[in-house]
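Taken together, the values in this text are just the output of simple stated rules run on the coordinates, not laboratory data. The shown structure was predicted, so the numbers you read here are calculated from the model rather than taken from an experiment. With ideal geometry, Cβ positions are generated from the backbone for all residues, glycine too; neighbour counts draw on all protein chains shown.
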Amino acid sequence: MESYKFPSWREVGYAYSQGYQLAEMLALCTLGFLLPFAFGHPQLLIGAAVNAFLIRSAASLPSYKLAPVIIAPAVVALARGVLFGPFTPYLALMVPFIWVGNALLVYAFKARIANGWNYAATLTASSLVKAAFLYLAAFVLYSAGLIPAAILGAMGVMQLSTALIGGAIAYPFVRR
């Protein structure tokens, strides 16, 4: 049985210079910050765009440059306070889980692409991992009475949909 080896950024080999990678990281992070801040709604559109940035960053940036792109969108959604309307305070409880969910999407995508999976299978698997994790976290918080059903609903099928749509949007922009 062959053991799985998670590729390091040195092993994957990135075609871009350090300067280009930095510029791309800053651009994706800025877009991931400004888009939700400027528009906020609808969640399907904004979420798809943010997930497109996450997938693009997974495919083109080394692992150590991904944190700002993973973290910024959830912070701005909370700071803007309109994404979930009156339920936004409850979103604060979900932010750490959203960060982990985004990281799961990005690193699962990165690992599968590096191991030769095709794009559609990689996108589907990484999107399912993200959505399942977020729904499970929200379900635990909902069961404990810490978040309302509206937040629970937004962390399931909506997260899966936005991740899949975002991956479809990112497809032409991902180097293969």
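Any idea how far apart Ala121 and Leu45 come out in nm if each label point goes 7 Å out from Cα toward Cβ? The two pseudo-label positions are separated by 3.6 nm.
Descending by average beta-carbon neighbour count within 10 Å, the peptides 124-132, 46-54 line up as 46-54, 124-132, the highest first. Taking segment 98-123 and a reference point 7 angstrom along Cα→Cβ of Leu146, the backbone N atoms nearer than 19 Å belong to 98-104. Spin-label model, Ala132 to Val157: label points 7 Å out along the Cα-to-beta-carbon direction sit 1.9 nm apart.
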